[in-house]
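Below is one structure, written out as structure tokens; the observations come after it.
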Amino acid sequence: MAKLMNIGEAAEAVGVSTKMIRHYEQIGLLPEATRTYSGYRQYSERDLSVLRFIRQSRRLGFSMRQIADLIGCGPIPIARAARSRLLAGQHLADLAEKMRELSEMKQGLESLVAACHGDDDPHCAILEQLAVDSLRNQRITSMPSHRHGPEQRSEHRRKPFRPLCQ
């Protein structure tokens, strides 16, 4: 019979904090741990495998919802592979978009830094350009500046994690 680990041992073995393990249980990514008679959590090798899966998925930038979807993918291997590929492909496209946005931000900052002399001149090219850009953006209030506006993000946070493919 395989040895069960307490939460501290499991956290150390997998490389996550005990707080994160509790969080994963609370949101349903990790099944509730079995408990000893005195109430201590115990984790099996299967639980550690799920925790490693979550940790590696987080390292690749998957969101908690995406991880829940990946964990919940059906028992039929072909369907599971197709769904996993679809989720990973969507995540890859999102990362490409973020990289494009970061590249644009970097280019903009490089231009601002290059325009600034960094001396004691009271006129700062960086501050002046940011002020001009903020006025320009203020006039365009009806156009969303980002594809995930604050109202969409707050709604996303309220939804419980439920795997989409079970």
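What the table below lists for this structure:
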quantity: Among the candidates GLU110, GLU97, residue that is over 21 Å from PRO31 (Cβ atoms), at pLDDT 95 or above and surrounded by 10 or more Cβ atoms within 10 Å (Cβ to Cβ); calculated: GLU97
quantity: Residue in the range 12-20 that is open to solvent by 70 Å² or more (accessible area, probe 1.4 Å) and at pLDDT 95 or above present; calculated: yes
quantity: Qualifying residue in the range 57-65 (condition: part of a helix (DSSP H, G or I), free of Cβ contacts under 8 Å to residues at least 12 places away in the same chain and in contact with a helix residue (DSSP H, G or I) (Cβ under 8 Å, 6 or more places away or on another chain)); calculated: yes
quantity: Residue list for the range 1-48, filter: farther than 24 Å from ASP69 by Cβ and aromatic (Phe, Trp, Tyr); calculated: TYR37, TYR40
quantity: Selected residue [among the basic types (Lys, Arg) and either within 27 Å of LEU95 (Cβ to Cβ) or surrounded by 14 or more Cβ atoms within 10 Å (Cβ to Cβ) (or both)] from ARG46, ARG35, ARG65; calculated: ARG65
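The values are calculated or read from the model by the stated rules, or taken from the named source; none is laboratory data. Computed from a predicted structure; not experimentally measured. Heads up, the Cβs are rebuilt from the backbone with ideal geometry, glycines too, and the neighbour counts pull from every protein chain shown. Note: areas computed on protein heavy atoms with side chains; ligands, DNA, RNA excluded. Shrake-Rupley method; radii C 1.70, N 1.55, O 1.52, S 1.80 Å.
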